[in-house]
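Input: a single structure, listed below in C-alpha cells.
Read the figures in this text as sums done on the coordinates, not as results from a lab. Note that the coordinates shown come from a computational prediction; the quantities given were computed from them, not determined experimentally. Positions of Cβ are backbone-derived with ideal geometry, glycine not excepted, and every protein chain shown enters the neighbour counts.
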Amino acid sequence: MIHNALIWGADGGIGQAIARLLLQEGWKVITAGRHVQRLVDLQGVVVEADFGHPYSIQQAVSTISQEVDEIHLWVYAVGDITSSKISQMAIQDWQRILEANLTGAFLATHYSWPLLAKEAHLFYLGALVERLRLPGMGAYVAAKAGLESLAEVIAKESRRRVTVVRPAAVATPLWDKTSFKLPPNHLIPSDVAIQILKAYQEGTQGNLDI
C-alpha cells in the first residue's frame, strides 16, 4: 500500500527535508508552497499555495484532490519570524507572522479536512515557546503558543493523531531574520524530518520536543 503525504510549506528548509525523506521511503508526496521554483527537483505533485489567502488554499486542495483520494501524513511546516519590539512593530509584520504560523495552519487544516484519511496523522511545526519569550519575539511566540492550543482542540474534535513538533534551534534561513546567533548545538532540517517520520510510525501525539 502506497501512503500519501501532504507537506504544506515544502519550499522551506524543514519542509523540503521532510519531503525528501518521505520520497526516499517510498511515499507519494504532495508538496505545497508559495515558492514552487524551489521544489522543481522533487518528485511527486507540486502545488502553489499562498497561506495568507483562503481561496489559494482552497484551490490548492482542489488540485490535490485530483491526484490522491486521501492523505495519511499531513504536515504544516510553514513559518515566518520577525525580531521587533511590540512598541515598534508594524501592524503588517504582526499580521504576517500570525498569518504564516497560525492563521495559515487553520486554513490548511480546514480545507484539507475532506482529504484526510480516517487514520491520518497531522503534524504542526511549533517551537519551544517558553524559551523564546524574549524581547522582539512577541509576534512569533504568540503565534506558536496559539498553534499549540489550536492543535490540541483539533485532536479533541477529530479524534485523530495530532502532534506539535517543537524543535530547538534549526539551521534554516529563518534565523537570518532574528537578532540571535544560531547556537553551536543546533539541529539541521533532516533531524526534524527523521523525528516526524519516527513519530508517525510510533503514533506519537501531543507535543514532541526535539
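Structure notes:
- Paramagnetic label zone (point 7 Å from Cα along Cα-to-C-beta, residue 70; backbone N under 18 Å) in segment 1-41: 1-7, 27-30
- Once the Cα gyration tensor of segment 47-138 is diagonalised, semi-axes √(5λ) in Å: 30, 16, 8
- CD proxy at 222 nm, helix term only [per DSSP H run n ≥ 4: -39500 (n - 2.57); per residue of the chain; nearest 500]: -11500 deg cm²/dmol
- Whole-Hz Karplus values for segment 108-124 come out as 5, 5, 4, 7, 7, 3, x, 8, 6, 5, 4, 9, 4, 10, 9, 10, 10 Hz, taken residue by residue from phi with 6.51 cos²θ - 1.76 cosθ + 1.60 and θ = phi - 60°; glycine and proline positions read x.
- Angle in degrees between helix 189-202 and the longest Cα principal axis of the chain, rounded to the nearest 10: 50
- Shape of segment 1-108, Cα gyration tensor, a/c cut at 1.5: prolate
- Highest average packing first - 15-22, 83-90, 46-53, Cβ atoms within 10 Å: 15-22, 46-53, 83-90
- Between residue 89 and residue 175, the simple label model (points 7 Å from Cα in the Cβ direction) yields a spacing of 2.3 nm.
- In order along segment 24-40, phi translates into HN-Hα couplings of 4, 8, x, 6, 8, 10, 9, 10, 10, x, 7, 10, 5, 5, 6, 10, 5 Hz, rounded to whole numbers, per the Karplus curve 6.51 cos²θ - 1.76 cosθ + 1.60 with θ = phi - 60° and x for Gly and Pro.
- Around the amide H of residue 164, modelled in the peptide plane, lie the amide H atoms of 124, 206, 207, 208, all under 5 Å away and 5 or more residues distant in sequence or on another chain.
- Nonlocal amide H pairs with residue 71, under 5 Å, H built at 1.01 Å: 116, 117
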